[in-house]
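Visitor: Below you will find the structure I want to go over with you.
Computed from the coordinates by the stated procedures, all read-outs in this text should not be read as laboratory data. All of these numbers come straight from a predicted model, not from anything done at the bench. Quick reminder, even Gly has a Cβ in these numbers, built from the backbone with ideal geometry, and neighbours come from all protein chains shown.
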Amino acid sequence: MKFKIIFILVFFISNTCNAEEANKGREIAENICSVCHGVNGQANTAGNSVLVPHLTAQNEQYLIEKLKHYKDKTLEHHQMSLIADMLSLEDIKNVAKWYSSIKITVQEIE
Ligand code: HEC
């Protein structure tokens, strides 16, 4: 019984933290990323080229790694390297949490 209560509490705390990180990430997405990737990660707002990838529901760790690589210049891109330079490691984790937490449904082609 005691164990159950502790488990629920830990779950609740980690859930609250996740929501907080995702909210901070959403702010970054709105202020910086949305022009190209959209707030929800769909890169189809006006002016976007097909060379801007969608980020919706992408794996969190993948997003973190890519952004770190743009930042440390393992990957160089004229736009993303500049953007990643502006982000702290905490920003990177928060924005990755935001885009990865958006849910999508995949429809199989019959
Ligand atoms: C000026 C437009 C622009 C802005 C603003 C921008 N991006 Fe990008 N982003 C791009 C382009 C273009 C690419 C493709 C780069 C390439 O081909 O290497 C990209 C690639 C990425 C990738 C790699 C995706 C993959 O699958 O390889 C991630 C992750 C990413 N952006 C995250 C972000 C985040 C987070 C922000 C906001 C902090 C942001 N971008 C802001 C244009 C932009």
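Visitor: Compute the signed sum of charges (Lys and Arg +1, Asp and Glu -1) over the other residues within less than 14 Å, Cβ to Cβ, of Trp98.
Guide: -2
Visitor: Still on this structure, I have one more. Please tell me which of these pairs span more than 22 angstrom C-alpha to C-alpha: Lys71/Lys103; Lys66/Lys97; Lys24/Lys73?
Guide: Listed pairs above 22 Å: Lys71/Lys103; Lys24/Lys73.
Visitor: Given labels modelled 7 Å from the Cα in the Cβ direction, how far is it in nm from Ser34 to Lys103?
Guide: That separation, rounded to one decimal, is 2.3 nm.
Visitor: Hey, another quick one. Suppose the chain between Thr16 and Ala57 were pulled fully straight at 0.36 nm per residue; how much longer would it get relative to their current alpha carbon spacing?
Guide: In short, 12.8 nm is gained.
Visitor: I need the peptides 73-83, 33-43, 91-101 ranked by packing, meaning the mean over residues of other C-beta atoms within 10 angstrom, with the highest value on top.
Guide: The most tightly packed comes first, giving 91-101, 33-43, 73-83.
Visitor: Treating cross-link reach as a plain straight distance, find the aspartates and glutamates whose alpha-carbon is under 12 Å from the alpha-carbon of Lys93, omitting any fewer than eight places away in the same chain.
Guide: Glu20, Glu21, Glu60, Glu65
Visitor: About its Cα centre, how strong a charge dipole does the range 18-71 have in debye, to the nearest 20, once Lys and Arg get +1 and Asp and Glu get -1 at the Cβ?
Guide: With Lys and Arg at +1 and Asp and Glu at -1, about 200 debye.
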